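Reviewing the structure listed below.
The values are calculated or read from the model by the stated rules, or taken from the named source; none is laboratory data. A quick note: this is a predicted structure, and the numbers were derived from the prediction, not measured. Cβ coordinates were reconstructed from backbone atoms using ideal geometry, including for glycine residues, and neighbour counts include every protein chain displayed. Just the protein is used for accessible areas: all its heavy atoms, side chains included, with ligands, DNA and RNA removed. Shrake-Rupley method; radii C 1.70, N 1.55, O 1.52, S 1.80 Å.
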Amino acid sequence: MKPQTRNHIALSLLTIGILSACSGALAATIPEGTTLAEKQELVRNNGSEPASLDPHKVESDVEFNIISDIFDGLVAVKKDGSIEPRLAEKWENKDNTVWIFHLRPGITWSDGTAITAKDVVWSWQRLVDPKTASPYASYPGNMHIVNAADIALGKKTPDTLGVKALDDSTLEVTLTQPTASFLPMLAHPSLVPVDSVLINRFGDKWTKPEHIVTSGAYKITDWVVNERIVAQRNTRYWDNKATVINKVTYLPINAETADVNRYKAGEIDITYTIPVNQFTQLKKSLGDQVHVAPQLATYYYEFNTTKPPFNDPRVRRALNMALDKDVIADKVMAQGQRPAWVVSQPEIGGVKIASPDYASWPREKRLAEAKKLLNEAGFNDTHPLSFSLLYNTMETHQRIAIAASSMWQKNLGVNAKLQNQEWKTMLDTMHTGNFDAVRYAWIADYADAATFLNNFRTGDSENTSKYSNPAYDEALKSAAKAKDITERGKYYQQAEDILGEDVPAIPVYHYVRTHLVKPWVGGFAPDSLGVYLTKDLYIKKH
């Protein structure tokens, strides 16, 4: 049990004007005169049961939402894009290829043992080790850390990774080349340090509440599978004095209607999303409780490019051309989503990326070309294309899949048979390659097109489409070496042009993120990646 002394004293003073005078600045920006609730507890729906809370075993916001609350990285990215020191207090570099990070004095795990530079080294070696089978094993290689790519491919041993502890509080990271996005990439949850002693002792069970130690603002205290995860404040967190929420409960509700109903019943403070079929009505009835914000994320249908008929790019391109994305974005979703013709984003990281030429064709011309491509690939009225379209269980995904399959049937005579699985099962299905086409989406890990495009690079650990094109890989290599944004944008455009022809995945729409948020939740302001941290929130008296 963590001591409550500071909060009980502070909250008894009631107003933030007095609180600020007594305790200094809070992590959350609390307006002058705001009265805080005596009970600082939050319930947020997290959308699904996490596949794991091991930062090296997961790949989606379902897991990273919680991991970002309970673990700290070396740095974080602020909403304005600037880099914020976290476990690392300061750093310097030489030629943008050798980076030295100095850890904060006295930082500890939630059990009081010291967090050292050796923990970071061990954690990153574990991340890239093929034995770990991390979905993010390729990530350090994409940062151009020395030997990271070869280690992930099993060509070198993890101890050759270009990361070493100079002493307990000093970390050296060596890159093969300058990487423009290195510091923003460093903020990713897959790079948080984890405790080697704990993992060696308990194996896969190290994340159980009775075992886990954390480095962030919270520590898991209760986990009932498919019911709830509860985290309490970590009083040993280096920035604990700036935390306001004492307890956070994460719910795994994937039924969007149930999410809203429990919100209306007062059981949830922040929903995971808003059902598309209730959005307009909720906007009218709940007003400012409806939060909508742009998000650097793309919804797409990914193909298994090694499996006939989707080993033929003509088939993939035909299905892309025949999908009426305007209808899906404007009618099926109708929350501000934009139709997508590029996998990354039209604008990201100072770069503008154009859609393929056929995106601007009249609809009739696109459909005629799609029919021609399918016919060339051997599919027509007498031999129609039939395949399974997989999506994870959620009402909105079902609605989109029904719309897409109807469009393909009407426009091309294609039969897309719908199949749904629970989130964790679908991820396993994707990584084992046991699918024809699957609904997926990618939320940017950092504000650069590479975060999307690397997923289709040959051999990338997130390349579940198994797509491979040497010209595409070369464009990404050139982009990474580019001397400025203009040159980098040129190569990203080349990569997107190749994807527009090969279509390993059909971009459907670019996201907005929607939530219902209770009026008494203060500090709610997701960043462009859709991330919000519990430590930045507070509960107003209500």
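Report, largest value first, the span of the C-alpha coordinates of the range 350-450 along each principal axis, in whole Å.
So the extents along the principal axes, rounded to whole Å, are 39, 38, 25.
Nothing charged except the Cβ atoms of Lys and Arg (+1) and of Asp and Glu (-1): what's the magnitude of the dipole of the range 465-511 about its Cα centre? Round to the nearest 20 debye.
My answer is approximately 220 debye.
Where Rh denotes the Kirkwood radius from the mean inverse Cα pair distance, what is Rg over Rh for the chain?
Rg divided by Rh gives 0.97.
How far apart, in nanometres, would the label points at residue 211 and residue 293 be if each is projected 7 angstrom from Cα along the Cα-to-Cβ direction?
Each label point is offset 7 Å from its Cα along the Cβ direction, giving 3.5 nm.
Would you work out which of 231, 444, 520 lies farthest towards the positive end of the dipole of the chain, given +1 charges on the beta-carbon of Lys and Arg and -1 on that of Asp and Glu, about the Cα centre?
520
Could you sort 108, 425, 464 by accessible area so the largest value comes first, with the probe set to 1.4 Å?
Descending accessible area places them as 425, 108, 464.
So what is the relative contact order of the chain, in percent, for Cα pairs below 8 Å that sit 6 or more residues apart?
RCO, the chain: 20 percent.
Using a 1.4 angstrom probe on the protein heavy atoms only, line up 330, 69 by accessible area, largest first.
330, 69
What are the radius of gyration and Dmax of the range 72-193, computed over its Cα atoms and given in Å?
Considering the range 72-193 through its Cα atoms, Rg and Dmax are 13.7, 39 Å.
To the nearest 0.05, how large is the calculated FRET efficiency for residue 222 and residue 113 if R₀ is 22 Å and r is the Cβ-Cβ distance?
The calculated FRET efficiency here is 0.45.
Tally Lys/Arg at +1 and Asp/Glu at -1 over every other residue whose Cβ is under 11 Å from the Cβ of residue 302; what's the total?
Cβ neighbours under 11 Å give a net charge of +1.
If we count every other residue with Cβ under 15 angstrom of residue 433's Cβ, Lys/Arg +1 and Asp/Glu -1, where does the sum land?
Around residue 433, the surrounding residues sum to -3.
On the protein heavy atoms, probe 1.4 angstrom, tell me the percent of accessible surface of the chain carried by carbon and sulfur.
Ligands and nucleic acids excluded, carbon and sulfur reach 50 percent.
For the range 295-511, which semi-axes, largest first and in whole Å, follow from the square roots of 5 times the eigenvalues of its Cα gyration tensor?
26, 19, 18
Place a +1 charge on the Cβ of each Lys and Arg in the chain and a -1 charge on the Cβ of each Asp and Glu, then give the dipole magnitude about the Cα centre in debye, rounded to the nearest 20.
720 debye
Whole number in Å², please: accessible area per residue of the range 295-511, 1.4 Å probe, ligands, DNA and RNA not counted.
Accessible area per residue: 40 Å².
In deg cm²/dmol and to the nearest 500, what is the mean residue ellipticity at 222 nm of the chain if only DSSP H runs of at least 4 residues count, each as -39500 (n - 2.57), divided by the residue total?
-8500 deg cm²/dmol
With every protein chain left in place and a probe of 1.4 Å, what is the accessible surface of residue 91, to the nearest 10 Å²?
60 Å²
I want the antiparallel fraction of DSSP beta bridges within the chain, as a percent rounded to 5.
The answer is about 80 percent antiparallel.
What is the projected area of the convex hull of the Cα atoms of the range 148-289, averaged over all directions, in nm²?
About 13.7 nm², averaged over all directions.
For the range 425-542, what D do you get in µm² per second when you plug the Kirkwood radius from alpha-carbon pairs into Stokes-Einstein at 25 °C and 0.890 mPa s?
Estimated via Stokes-Einstein, D reaches 144 µm²/s.
Give, as a single signed number, the net charge of other residues whose beta carbon lies under 10 Å from the beta carbon of residue 313, with Lys and Arg counted +1 and Asp and Glu -1.
Charge balance near residue 313 sits at 0.
With all protein chains present and a 1.4 Å probe, how do 143, 407 order by accessible area, largest first?
If we order 143, 407 from most to least accessible, we get 407, 143.
Gap in Å between the Cα centre of the range 349-403 and the Cα centre of the range 413-452?
So the separation of the two Cα centres works out to 16 Å.
On a C-alpha basis, how far is the centre of the range 134-185 from the centre of the range 500-542 in Å? Whole number, if you could?
Their Cα centres are 30 Å away from one another.
Sticking with the crude label model, points 7 Å out along Cα→Cβ, report the distance from residue 204 to residue 380 in nm, one decimal please.
That separation, rounded to one decimal, is 5.1 nm.
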